[in-house]
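Remarks on the structure that follows.
The values are calculated or read from the model by the stated rules, or taken from the named source; none is laboratory data. Here the structure is a predicted model, which means the values were calculated and not measured. Virtual Cβ from ideal backbone geometry, glycine too; neighbours counted across all protein chains shown.
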Amino acid sequence: MSRRTMNWKFVDSTLLLVHGLTPPDAKEWDEFVLECTGAGPTMRQVLVFADVELSPLQRKQIANMVAKAATRAVAVVCFSRLARAVVTALGWMTRVHRAFAPTALREAFEFLRSTPTEQAELLRAARAFAAELGHAELLRYIDEPGRPI
């Protein structure tokens, strides 16, 4: 399903979430929350590509979903230092969120304990989502030859 502001899918027990360049559309956000809340304990890890600001309510919903699912690791890849600082603060509440710069993608996969097969599938899906959402900066990074993986 193609969405306008964000897209997501499960790859085994890892949820991949790619945000576009604008804050999440309310309807898309509600669909995301509903699907992820229903995923329960199958959402063991989460990989997020995002540089958008979430509302306080959305941040609280994320913290609640992660706690309810007993998610053990959430890696958030951000281009913005400010966004990484916000994720770090969220990590103080959830104890499972960690921010990574795009140049630290290898470390993000290590944090998630992703297998090479999962990494390849997550990157393939992230590439497709970045293209659908018009996120050229992310797409260029993922397509860059010799990226650190």
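Determine, yes or no, whether VAL77 is in contact with a strand residue (DSSP E or B) (Cβ under 6 Å, 6 or more places away or on another chain), modelled with pLDDT of 90 or more and β-branched (Val, Ile, Thr). Judged against the criteria, VAL77 is a match. All conditions in (1) more than 23 Å from ARG140 (Cβ to Cβ); (2) among the aliphatic types (A, V, I, L, M); (3) out of contact with any Leu (no Cβ under 7 Å at 6 or more places or on another chain); (4) surrounded by 17 or more Cβ atoms within 10 Å (Cβ to Cβ) hold for VAL76, with the sole exception of (1). Tell me whether the stretch 18-30 contains one or more residues that are touching a residue at least 24 places away in the same chain (Cβ under 8 Å), crowded, with 17+ Cβ neighbours inside 10 Å and among the β-branched types (Val, Ile, Thr). Yes, there is a match, as at least one residue in the stretch 18-30 is touching a residue at least 24 places away in the same chain (Cβ under 8 Å), crowded, with 17+ Cβ neighbours inside 10 Å and among the β-branched types (Val, Ile, Thr). Residue-level check: of (1) modelled with pLDDT under 90; (2) closer than 24 Å to MET65 by Cα, ASP143 misses just (2). Kindly indicate whether any position in the stretch 32-46 is among the polar types (S, T, N, Q) and crowded, with 18+ Cβ neighbours inside 10 Å. Yes; the residues of the stretch 32-46 include at least one that is among the polar types (S, T, N, Q) and crowded, with 18+ Cβ neighbours inside 10 Å.
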